[in-house]
Amino acid sequence: MQVHQLAQQVGQRAVVQERARLELAPARNHPAYGHHGTPSLPPGPLVLHGNRLEWLADAVAEWLAAHPLAPLAPEVMLVPSNGMAEWLKMSLAQRWGVCAAAQVELPARFIWRLYRQVLGGHTVPLESALDKAPLTWRLMQGLAQWAEDPVFAPLKAYLGQGRQATTRRWQLAQTLADLFDQYQMYRADWLDDWAENQDRLRTAQGGVLPLPGDQAWQPELWRRVLATVTEDADRQGLRPVVHRRAIEALRSGQATAHGLPSRVLLFGTTHLPASTLDLLASLATRIPVMLALPNPCGVYWGDILDGRELLRASAKRHQGRGLDLSQVPLEHMHAHAHPLLAAWGRQARDLVRQLDAFDESQRLQAALDLPRIDLFDDHPAEGLPWLGQVQAHIRDLRPLHEHPSLTLDAQDQSIVFRRCHSLVRELEVLQDHLLSLMAAPSNTPLQPRDMVVMVPDIATAAPAIRAVFGAVPRHDPRFIPFDIADLSSRDLSPLLAALDWLLRLPQQRCTVSELRDLLDVPALRHRFGLPEESLPRLNAWMEGSAWRWGLSAAHRQDLDLGAAGDTTSGLWALRRMLLGFMSGPRGGAEFARIAPYTEVGGLEAEWAGGLALLLERLLHWWARLASPASPREWAERFRALLADLLLARSEDERQTLAALDKALSTWLGHAEQAQLDAELPLDVAREAWLNAVDEPSVNKRFKAGGLTFCTLMPMRAIPFELVALLGMNEGDYPRRAPRNDFDLLALPGMARPGDRSRRDDDRQLMLDALLAARRVLYVSWAGFSPRNNSEQPPSVLVAQLRDYLARGWGEAAVQARTVDHPLQPFSRRYFERGSALHTWAAEWRGAHERPEPRLPETAAAAPAEADAPQAVRLKDLARWLKNPAADYLRRALQVVLRNPEEAAGDDEVFSLDGLAHWQLGDAALQSLQAPLLALCQEGGTRAAQAQVPVLMDALVQRWTRSGLLPLGAPGAYGLARLKATWQHSLQAWLQALQAWPVALGPLALHRPHAQAPLDDWLTGLRSQPQAAGALHWLDISASKMALPRSRKDEPDRVRPEKLLSAWLGLTALAAQGQLAGLTLVGADATVRLEAPDADSAGEVLDHLLSIWAQGQTRPLPLTLKAGLAHALGQDVAKTFEGDARQAGDLDHPAVARLYPNADSLLVSGEFEDLAERVYGPVVAWAAKAQIDWHGPAGDDGDDREALAP
């Protein structure tokens, strides 16, 4: 029978059902009046089961349309989640054209309103005095008074004493409030016994067990909490009491205090607490109650698992496959069960069992010979795709030994598995897969709205999702519109994230990166008059003024870090900015031992004023938030903080501020209800306030019209054409849910049908996801380690699914649909002929489809090109020589990989390592060369040499007051070392200037080449008055130039990598017939070299240009340190990988990305030839160097200088 025919019969059955019900129970009286006082549908329950949610929605739509309510009467629909609410409303709107007057809500909210309608608002408060939120604050208040009692000794041991005792008390109060809230929902009989001083536990079978001795404090705590509810009205308004009274009132047949809804629809849930089902059964005596519930199996399957004795079904709704499962012994049930239902379906099974006592449909069917009220498809497994076959076997409760032997179509990709190296790679692979599916020809092409991607933790995955799917611009054909659901308000709203940070001010270090993030929030910028275009300038000012962390010296002192003083704090850096603004761009004298930061000026200077005002308000709130306060005082502070620091301009910001104010009022009301007047610390007040903003609601958006990313959440069996499960790693899913030692619900033998369990939730979610997919089920996990490529297992649930599929259809079918993807998205495997891998990333394809030229012997061997090649400059060659891998990634792929320590630092300088020495030395050269050259011209070399210590002292003092040097003893040691080094170097440089006093202008360099002609200028050349034709290149560098001998029979040797730029320039000069020697002054020594050999210079340069051209089309297996090691006859592998003492090529992320180990570098066999041609000539030239040490040879240093440019 077709779905719409079944749906119509469901609607036509209402009157017949009423007659049959009266015949079966003539003594029962069923009032049939809605809240408008007009006759409505006869009361009673109606349960629809189906394995396809869209069919259930169609049936519900037919039934509702056949029996319309009075105008403006709300249609009450209960759903388990916001996603289900949105899907149901959209489904009804598509069918009717509009979905209006639909009161779609979560069951808990409806149930409390129903209590008030049945019993009257005067006897049922708006909120129970012992709901979770107010109960938390009653416990918070009570634990402070009761913890000294001996019975609460276990709690006192946890609470402890001291500064953190209040915070711990609040955390414990939250946990206990949640536990007692569960007891009120699932174990009201326990609480009734405890209130009567009967400390015992009732079981589902009616038995009674003694309470474990170490848990005797729980009944006493409950009695103490009850004693705090002093008003009789509040006691009568407790949830278990109200629940019993409402059920009694509904079943009594007496009139209710207020009108009831015309009817109630419960849609789409796979779990119902027993108390909720009891209430709905009682409500069904007054009004029609329809339950439209997804059921994976068309055969009664309530007995396929252990625990049948918990709820013995008196009637079996479905008889399937000619077998009455009620007659099968329990020990044989596993042979008649579907393995996935048995492993994952406990929650849905419990609901089937509970409905046996609620659902009258089978009795009605037997009495009236009606069609079954079940909407299950009847397609046989034969002829269906693989996913459809699996769903059909679950529908028919077909165990493995009854599976028919079916051969899958080789093109069947309805269930696929992907193994990657990380979540980012999983997303990249998924993106390509979705693009392929949407591009495939089909009568019903897939759209982004037809697909959902679920992950175990959406908050963790959100940045990666935005990095992959958000990186494609909207105009790109590969763009897939997407939306991320289930993020908390703090994750979604920059304003809330900023507020969360502001409310942690007393504990924050207040780093400069945190301040930058704060300035990204529009509401905060608007309050201080800072436009968005000011951010780059403000960031540059904060970085340049050495703003590192801390608001002020007092702020640091409060963090017990007062020894750091105020240098590099926010107030110190701001004073530098303002002093620089007042002194002008040329700077001025220091004031109060603070060096001015002179970059602030012009019309942009007003932004510094806004920054100063922000800092002043942060200091104010840091002081004000530090002291504890009562809830009412906190509310006043929080409202003042919002007004002081945030200014809403957009509608979203105004709504967020309104939600914050409402949450604050709610929290304040709960605290007053609990009579809490004790002072609370900031962390307790902050979390109490912000947590209230994240309360669940059906108003939160789930589907926004594009691809939906969401968390694997309970009761979200919404159908999608494609369901993708990502991040299904072992240990990540099922999610770990550590049990509290005092959770009595988890004791052996205490389980009851309808109980909630995170373990069962996650298994039910896996079953729901499998059944919700209509065309494709896509599962991926990090199957390989990104470090060593070792295999990693998937989630145990994925392993169970794969095992079931392998046993039912063969291991070959599973393996054929499991694809392993490489670590990099640009791997060549994606572009090899016959490869099963595919990518839509055209930029990677373009990089691989270029022809690979063979290594030419000479430049003349390269064929001429029609278009003139672009000229090469010396700095291009130098950059490539220093790191061919990084240069290729930057030029060909626009990818720049940096070491983590290169990020902007939030910490002040603690020591001067080799890299810091180089950076400061380079800054010293930039500052001192010009004044020293001027002194040479005015008074000669001796006058300039005499001023070197004076200039160095002034520069170092300026650095110290600019926050560039370490403080205390490390700073003093670093200063002494720095001054000694550069005084020697500058003296040597001045001495060399005396030998070559005449500065020459730039000299043109040109070298024709078919692939990479050289065209540049060479600067830094000098000559002598007496020998005008002699050329010499004189330069000074912040790097160390030489290595001392390691043995007495070995000479000192120069560091060839430090000569690369000089060697390139002088070789190009020699190639055009002009020779020039070299004097290079370094931090440790002065190196002197004759000009490169003029006869071989042209050939060397041609080889270098040819190899450089080849390196622009593909990454060459060549690195600087390994290449030099080969030319020097050293251990290449050891040099490449480095060790604890010596950094290797592998320490650079670009090299590590292309060549993860030495074998990958050497495997092609090209390395040796490339190293000899590229680095051999510079090593041979460097071996002729004359080294003049400035101090003791081999002064200590740090190899991290190698990271410097």
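Which of the residues spanning segment 1050-1106 are within 13 Å of VAL1174 (Cα to Cα), in contact with a helix residue (DSSP H, G or I) (Cβ under 6 Å, 6 or more places away or on another chain) and among the hydrophobic types (A, V, I, L, M, F, W, C)?
LEU1060, TRP1063, LEU1064, ALA1097, VAL1100, LEU1101
Report, by residue number, each residue of segment 957-977 that is surrounded by 14 or more Cβ atoms within 10 Å (Cβ to Cβ) and small (Gly, Ala, Ser). First the steps, then the outcome.
Taking segment 957-977 as the starting set, the residues that turn out to be surrounded by 14 or more Cβ atoms within 10 Å (Cβ to Cβ) are 957-967, 970-971, 974-975, 977.
Hits for segment 957-977 are SER962, GLY963, GLY971, GLY974.
In the set ARG739, ARG774, ARG759, which member is under 31 Å from the mean Cα position of the chain (by Cα), part of a loop (DSSP other than H, G, I, E, B) and of a type in the set (Lys, Arg)?
On the way: ARG774 fails: part of a loop (DSSP other than H, G, I, E, B); ARG759 fails: part of a loop (DSSP other than H, G, I, E, B).
Only one candidate passes the filter, namely ARG739.
Can you tell me how many residues within segment 1151-1172 are assigned to a loop (DSSP other than H, G, I, E, B) and more than 13 Å from GLU1137 (Cα to Cα)?
Selection size over segment 1151-1172: 4.
With the structure loaded, tell me whether VAL814 is touching a helix residue (DSSP H, G or I) at 6+ places or on another chain (Cβ under 9 Å), modelled with pLDDT of 85 or more and closer than 30 Å to ARG395 by Cβ or whether it fails that test. Spell out how you get there, then give the answer.
On the way: touching a helix residue (DSSP H, G or I) at 6+ places or on another chain (Cβ under 9 Å): yes; modelled with pLDDT of 85 or more: yes; closer than 30 Å to ARG395 by Cβ: yes.
So VAL814 passes the test.
When only residues in segment 777-828 that are basic (Lys, Arg) and under 18 Å from LEU1154 (Cα atoms) count, which is nearest to the chain's Cα centre (by Cα)? Outline the logic, then answer.
Our first condition is that a residue be basic (Lys, Arg); within segment 777-828, this holds for 787, 802, 807, 817, 828.
Applying the additional criterion that residues be under 18 Å from LEU1154 (Cα atoms) yields 787, 828.
On the way: ARG787: 20, ARG828: 29 Å.
The qualifying residue nearest to the chain's Cα centre (by Cα) is ARG787.
Working only within segment 779-807, note down all residues that are surrounded by 21 or more Cβ atoms within 10 Å (Cβ to Cβ) and touching a His at 6+ places or on another chain (Cβ under 7 Å).
Hit for segment 779-807 is ALA782, nothing else.
Within the set of pairs 6 or more residues apart or between chains, which connect a residue that is farther than 18 Å from PRO456 by Cβ inside segment 476-493 to a residue that is in a loop (DSSP other than H, G, I, E, B) with Cβ atoms less than 6 Å apart?
So the pair list comes out as ARG478/VAL472; ARG478/TRP840; PHE479/VAL472; PRO481/GLY706; PHE482/GLY706; ASP483/ALA704; ASP483/GLY706; SER489/ASP694.
Given the structure, is VAL104 surrounded by 15 or more Cβ atoms within 10 Å (Cβ to Cβ) and assigned to a strand (DSSP E or B)?
Working: surrounded by 15 or more Cβ atoms within 10 Å (Cβ to Cβ): yes; assigned to a strand (DSSP E or B): yes.
Here the answer is yes, as VAL104 does meet what is asked.
Which condition breaks for GLY121 when tested against (1) in contact with a Gly (Cβ under 9 Å, 6 or more places away or on another chain); (2) part of a loop (DSSP other than H, G, I, E, B); (3) among the small types (Gly, Ala, Ser)?
Among (1) in contact with a Gly (Cβ under 9 Å, 6 or more places away or on another chain); (2) part of a loop (DSSP other than H, G, I, E, B); (3) among the small types (Gly, Ala, Ser), the lone unmet condition for GLY121 is (1).
Restricting attention to segment 1071-1116, and to residues there that are crowded, with 21+ Cβ neighbours inside 10 Å and free of Cβ contacts under 8 Å to residues at least 60 places away in the same chain, which single residue is nearest to LEU881 (Cα to Cα)?
Per the criteria, the residue is ALA1097.
For ASP500, are the conditions met, namely being part of a helix (DSSP H, G or I) and within 22 Å of ALA461 (Cβ to Cβ)?
Values: part of a helix (DSSP H, G or I): yes; within 22 Å of ALA461 (Cβ to Cβ): yes.
It is true that ASP500 is part of a helix (DSSP H, G or I) and within 22 Å of ALA461 (Cβ to Cβ).
Conditions first: (1) under 24 Å from LEU351 (Cα atoms); (2) surrounded by fewer than 17 Cβ atoms within 10 Å (Cβ to Cβ). MET750 passes all but one, so which condition is the exception?
Among (1) under 24 Å from LEU351 (Cα atoms); (2) surrounded by fewer than 17 Cβ atoms within 10 Å (Cβ to Cβ), MET750 violates only (2).
For ASP457, only one of the following conditions fails: (1) touching a strand residue (DSSP E or B) at 6+ places or on another chain (Cβ under 8 Å); (2) farther than 29 Å from ALA648 by Cα; (3) crowded, with 18+ Cβ neighbours inside 10 Å. What is its number?
Going through (1) touching a strand residue (DSSP E or B) at 6+ places or on another chain (Cβ under 8 Å); (2) farther than 29 Å from ALA648 by Cα; (3) crowded, with 18+ Cβ neighbours inside 10 Å one by one, ASP457 breaks only (3).
Got a sec? Which of ALA980, ALA988 is buried (at least 17 other Cβ atoms within 10 Å of the Cβ), in contact (Cβ under 8 Å) with a residue 12 or more places away in the chain and not assigned by TED's automatic domain parsing to the domain that holds ALA564? Spell out how you get there, then give the answer.
Details: ALA980 fails: buried (at least 17 other Cβ atoms within 10 Å of the Cβ).
Just one listed residue meets the conditions, ALA988.
Going by the conditions given, is ALA1182 buried (at least 22 other Cβ atoms within 10 Å of the Cβ), in contact (Cβ under 8 Å) with a residue 12 or more places away in the chain and out of contact with any Ser or Thr (no Cβ under 7 Å at 6 or more places or on another chain)?
yes
Could you tell me whether any residue of segment 695-707 is surrounded by fewer than 18 Cβ atoms within 10 Å (Cβ to Cβ), in contact with a helix residue (DSSP H, G or I) (Cβ under 6 Å, 6 or more places away or on another chain), under 30 Å from SER785 (Cβ atoms) and at pLDDT below 90?
Taking every residue of segment 695-707 in turn, none turns out to be surrounded by fewer than 18 Cβ atoms within 10 Å (Cβ to Cβ), in contact with a helix residue (DSSP H, G or I) (Cβ under 6 Å, 6 or more places away or on another chain), under 30 Å from SER785 (Cβ atoms) and at pLDDT below 90.
Is segment 994-1002 home to any residue that is hydrophobic (A, V, I, L, M, F, W, C), in contact (Cβ under 8 Å) with a residue 40 or more places away in the chain, part of a loop (DSSP other than H, G, I, E, B) and over 21 Å from THR567 (Cβ atoms)?
Yes: segment 994-1002 contains one or more residues that are hydrophobic (A, V, I, L, M, F, W, C), in contact (Cβ under 8 Å) with a residue 40 or more places away in the chain, part of a loop (DSSP other than H, G, I, E, B) and over 21 Å from THR567 (Cβ atoms).
Name the single residue, out of those in segment 621-651 being assigned to a loop (DSSP other than H, G, I, E, B) and touching a residue at least 12 places away in the same chain (Cβ under 8 Å), that is nearest to TRP137 (Cα to Cα).
Here is the first cut: in segment 621-651, the ones assigned to a loop (DSSP other than H, G, I, E, B) are 626-628, 630, 646-650.
Add one more test, that the residue is touching a residue at least 12 places away in the same chain (Cβ under 8 Å), and what stays is 626, 628, 630, 646-650.
Values: ALA626: 22, PRO628: 16, SER630: 12, LEU646: 29, LEU647: 32, ALA648: 32, ARG649: 35, SER650: 35 Å.
Filtering first and then ranking leaves SER630.
Can you tell me which condition PRO380 does not meet? The list is (1) surrounded by 14 or more Cβ atoms within 10 Å (Cβ to Cβ); (2) over 42 Å from the mean Cα position of the chain (by Cα), and all the others hold.
Only one criterion is unmet by PRO380, namely (1).
Between a first residue in segment 762-775 that is surrounded by 23 or more Cβ atoms within 10 Å (Cβ to Cβ) and a second residue that is assigned to a strand (DSSP E or B) and charged (D, E, K, R), which pairs have beta carbons less than 9 Å apart while being 6 or more apart in sequence or on different chains?
Close Cβ pairs (under 9 Å, with a partner that is assigned to a strand (DSSP E or B) and charged (D, E, K, R)) amount to ALA773/GLU721.
Answer with yes or no whether ARG1047 is more than 30 Å from LEU978 (Cβ to Cβ) and at pLDDT below 90. Walk me through how you get there before you give the answer.
Working: more than 30 Å from LEU978 (Cβ to Cβ): yes; at pLDDT below 90: yes.
Criteria met by ARG1047.
Kindly indicate the residue of segment 238-284 that is of a type in the set (Lys, Arg) and assigned to a helix (DSSP H, G or I) and also surrounded by the most Cβ atoms within 10 Å (Cβ to Cβ) among those meeting that condition.
Quick first cut of segment 238-284, residues of a type in the set (Lys, Arg) only: 239, 244-245, 251, 263.
Now narrow it down to the ones that are assigned to a helix (DSSP H, G or I): 239, 244-245, 251.
Values: ARG239: 20, ARG244: 14, ARG245: 17, ARG251: 13.
Selected residue: ARG239.
Is one or more of the residues making up segment 1029-1045 within 17 Å of ALA1127 (Cβ to Cβ) and surrounded by fewer than 18 Cβ atoms within 10 Å (Cβ to Cβ)?
Within segment 1029-1045 (the criterion being within 17 Å of ALA1127 (Cβ to Cβ) and surrounded by fewer than 18 Cβ atoms within 10 Å (Cβ to Cβ)), the answer is yes, since at least one residue qualifies.
Select, from LEU135, LEU48, the only residue that is touching a residue at least 24 places away in the same chain (Cβ under 8 Å), in contact with a strand residue (DSSP E or B) (Cβ under 9 Å, 6 or more places away or on another chain) and buried (at least 23 other Cβ atoms within 10 Å of the Cβ).
Values: LEU135 fails: in contact with a strand residue (DSSP E or B) (Cβ under 9 Å, 6 or more places away or on another chain).
Only one candidate passes the filter, namely LEU48.
Please find, among ARG187, ARG202, ARG113, the residue that is in contact with a strand residue (DSSP E or B) (Cβ under 9 Å, 6 or more places away or on another chain) and under 30 Å from LEU88 (Cα atoms). Before the answer, list the steps.
Numbers: ARG187 fails: under 30 Å from LEU88 (Cα atoms); ARG202 fails: under 30 Å from LEU88 (Cα atoms).
None of the other options fit; the residue is ARG113.
For (1) assigned to a loop (DSSP other than H, G, I, E, B); (2) under 27 Å from LEU499 (Cα atoms); (3) touching a residue at least 24 places away in the same chain (Cβ under 8 Å), each residue gets a yes or a no:
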residue	(1), (2), (3)
ALA546	yes, yes, yes
ASP560	yes, yes, no
GLY610	no, yes, yes
LEU619	no, yes, yes
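The values are calculated or read from the model by the stated rules, or taken from the named source; none is laboratory data. Only a predicted model underlies this, so the values are computations on that prediction, with no experimental measurement involved. Don't worry about glycine lacking a Cβ; one is built from the backbone with ideal geometry, like all the others, and counts go over all protein chains shown.
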